[in-house]
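Notes to accompany the following structure.
Coordinate-derived values only; no laboratory data. Just so we're clear, the structure is a prediction, and the values are computed from it rather than from any experiment. We place every Cβ from the backbone using ideal geometry, glycine too, and count neighbours over all the protein chains shown.
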Number of protein chains: 2
Amino acid sequence: MSYELLVEVTRNGTVESRHFGSAVVCDARGNVVESWGDIESLVFPRSALKPMLAIQLVESGASAHYALNDAELSLACSSHQGEQMHQDLVASWLNRLGLTEEHLACGPVLPEDTESAHKLLASGQQGCRIHHNCSGKHAGFLTTALHLDLSLDDYHHIEHSLQQLSLDTLSDLADIDLKQYPIGIDGCGLPAPTMPLLQLGHATARFASPVDLSDSRAQAIYRLHEAITNEPLYIAGHGSVVSELNEVTKGAVLAKTGAEGVATAALPGRGLGIALKITDGSSRARSVALLAILDHLGALSDEEKHQLQAHISPVILNSTGIVVGEIRPAASWLPRFNGIALNENRRKVKA
Amino acid sequence: MSYELLVEVTRNGTVESRHFGSAVVCDARGNVVESWGDIESLVFPRSALKPMLAIQLVESGASAHYALNDAELSLACSSHQGEQMHQDLVASWLNRLGLTEEHLACGPVLPEDTESAHKLLASGQQGCRIHHNCSGKHAGFLTTALHLDLSLDDYHHIEHSLQQLSLDTLSDLADIDLKQYPIGIDGCGLPAPTMPLLQLGHATARFASPVDLSDSRAQAIYRLHEAITNEPLYIAGHGSVVSELNEVTKGAVLAKTGAEGVATAALPGRGLGIALKITDGSSRARSVALLAILDHLGALSDEEKHQLQAHISPVILNSTGIVVGEIRPAASWLPRFNGIALNENRRKVKA
């Protein structure tokens, strides 16, 4: 296995930490357009699969039956930050289904958004299942289970037909039989399949351009494109690289992150899919690497890069508010990196 | 630069993430006893330097003049977790000096200990300077500055004679002139020197066995050994690998961590120093790697390993409380790894 040095973390100009990883750009036929590092080894795509897992919510007719709106479909694809807007929409969605928080199989956690978490604690409350970044995905599974008249209390188990259907859909996109590969359990209790990074890139490209899939599956994917593009804040949240990429590019780049350093981006207009894994699982490095690849592919205009510069190379602030370093793409892997001049709008990370 | 695969993070038995790094074991003369990966490249030792930075607090006579007790000296060497016991001792120490929190140059933060942070937020309070993991180190610097009649308002600047003295002391231990190497700014505002990992190992070995240093410096170091050994909870906190290693081994292993994946251990009885850097800066990997090296060196009895098993290979719990994976030393770099049978006392990490 070989890994590429993708991202460096500096302190006063000297490199302090290094993030290695692998990345691949595929087209919808599964051809490798470009790659860095080992793309044959297995990765757990984790939440990067969520938009693909939402396909059956639409394809089954559940979404239409329950009249899910764009925000709810975007939330079904989300790793949301647990902001008030996300909490409210999960709660109202469950309520419309006649269900409660107790039906969600994910565990109780504090919102990932620090401000929301602190506000909650200051008001004497604790984390709950709705705050879990996966609660929208779980609401989606419950919606499909209700529509297909499947049991609700074990919908997260791999033996449940909903999860078997999910593995079939993912296998269709990745063009391999995922049931032949190791499967773990995700942070929210659902099955966590594995696949080579190459197949994740291929699946992401087919999500971008589902021309080789069945018509019903392709239509479901186009519906999800529309929902995510119309409601980008529901797939992640304010200030997140995923929501801002989707919003700034008006759906030309549909990004998604996964735990342990995974990021993907579907480029519908170009029929490309990007998949990357930061070897060490770091989240601070994955967005920097993803933006570097998008820039390398010419997928972002200068105006878009200016709007996204918060994520291109964040600066590190210390506890006294002084800039002490930065997180940047390594110069070694993308010789054609076409950085813009960064200004005071760079994202500030406390460390 | 080459790095060794030190630690793996698994999910249902399949490796999900990998942490590379470098490590060295030195004796007090600077001989390399054993090493893994590149040990010549520069690292920022960060808080791993704190016990060495506390030397001048003792050597200057400040500690004796202000009658610092073992707990205060241990706290001067600490990255404390901000538990109530740490907050109280920093506050009473400053009060005895006639100073207040406002004299600390570090910025306001929440305690690193989650329970303490949540308790604080639930009571309507915010983070403050005393909660900073470095506030004990800063109290130590203020004590020395008072004793030497140096200015208090800029003690954290590299130009201040206290910081110049610190660099001299560190250079003495590391056996290189740190002023010739890059220096950044730390999270708490103090200078953050760099050195090759090899020199950090050497400095740690000389801290373990200061036989080649001046008598006054050696006596100061022995005083710090005693203080840390007598008050292990003040150098980090409950449940931490540093406090538990120091406590369980009764001072035979004096460990210290540094931000961005650094860990050191001084073994006074064997005159050895260990220094390691997780390349990506991960904190979850550094303690697992350190324990593996200590075991490899035969520095821990089976009884001690049983007591420390929480840190040898933590298990990962998901939000529903199920064990979904583990963090373990890679099998490739320590063929003689002599693991004990782990039981239900393994540390549980939420992820």
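Quick notes on this one:
- Pseudo-label separations to other copies for residue B:177 - Cα-to-Cβ vector, 7 Å, nm: 6.9
- DSSP-loop trypsin sites (Lys or Arg not before Pro) across the stretch A:1-101, with at most 13 other Cβ within 10 angstrom: A:29
- The phi-based Karplus calculation (6.51 cos²θ - 1.76 cosθ + 1.60; θ = phi - 60°) puts the 3J(HN,Hα) values of the stretch B:29-38 at 8, x, 6, 7, 6, 6, 8, 9, x, 6 Hz, whole numbers, x for Gly and Pro.
- In chain A, the convex hull through the Cα atoms has an average projected area of 16.9 nm², a quarter of its surface area.
- Residue B:2/residue B:159 FRET efficiency (R0 41 Å; Cβ-Cβ; nearest 0.05): 0.65
- Distances between copies at residue B:226, taken between label points 7 Å from Cα along the C-beta direction, are 7.9 nm in increasing order.
- Phi angles of the stretch A:318-328 translate, via the Karplus equation with coefficients 6.51, -1.76, 1.60 and θ = phi - 60°, into HN-Hα couplings of 8, 5, 9, x, 8, 6, 10, x, 8, 10, 9 Hz per residue; Gly and Pro are given as x.
- Contact order relative to length of the stretch B:202-286, as percent, for alpha carbon pairs under 8 angstrom and 6 or more apart: 30
- In this structure the amide hydrogen of residue B:7, modeled in the peptide plane, comes within under 5 Å of the amide hydrogens of B:19, B:330, none closer than 5 places in sequence on its chain.
- Comparing mean-square fluctuations of A:188, A:77, A:128 from a GNM of chain A with C-alpha springs under 10 Å, the top value falls on A:128.
- Across chain B: Cys residues that no other cysteine approaches within a C-beta distance under 4.7 Å: B:26, B:77, B:128
- Dipole size of the stretch A:154-288 about its Cα centre, with +1 on Lys/Arg Cβ and -1 on Asp/Glu Cβ: approximately 440 debye, rounded to the nearest 20.
- Based on DSSP H segments of at least four residues, each scored -39500 (n - 2.57), chain A has a per-residue ellipticity at 222 nm of -11000 deg cm²/dmol.
- 5 angstrom amide H check on residue A:112, placed H, neighbours 5+ away: A:82
- Cα centroids of the stretch B:161-227 and the stretch A:16-50: 42 Å apart.
- Gain upon complete extension [residue B:175, residue B:64; 0.36 nm per residue less C-alpha separation]: 37.2 nm
- Taking 7 Å steps out from each Cα toward its Cβ at residue B:250 and residue B:95 produces label points 3.5 nm apart.
- Computed 3J(HN,Hα) for the stretch B:39-45, one whole-Hz value per residue from the Karplus formula 6.51 cos²θ - 1.76 cosθ + 1.60 where θ = phi - 60°, is 10, 8, 6, 6, 10, 8, x, glycine and proline marked x.
- Across chain B, the mean sequence separation of Cα contacts (distance under 8 Å, 6 or more residues apart), normalised by length, yields a relative contact order of 23 percent.
- Taken over the stretch B:187-270, the percentage of Cα pairs per 10 Å bin, counting from 0 up to the bin with the maximum distance, is 17, 45, 35, 3.
- Loop-resident GluC sites (Glu not before Pro) (DSSP state other than H, G, I, E or B) in the stretch A:1-73 with no more than 13 further Cβ atoms inside 10 Å of their Cβ: A:40.
- Loop-resident sites, the stretch B:110-218, for GluC sites (Glu not before Pro), counting at most 14 other Cβ within 10 Å (DSSP): B:159
- Other-chain or far-sequence residues with amide H under 5 Å of residue B:272's (modelled H): B:267
- Other copies of residue A:33: label-to-label distances in nm, shortest first, labels 7 Å along the beta-carbon direction: 5.3
- Relative contact order, whole percent, for the stretch A:224-343 stands at 17, derived from Cα pairs under 8 Å and 6 or more residues apart.
- Projecting label points 7 angstrom from Cα along Cα→Cβ for residue B:211 and residue B:151 puts them 4.4 nm apart.
- Nearest-20 debye value, the stretch A:210-323 charge dipole, Cβ charges on Lys, Arg, Asp, Glu: 200
- Length gained on full extension, residue B:303 to residue B:31: 94.9 nm, using 0.36 nm per residue less the C-alpha separation.
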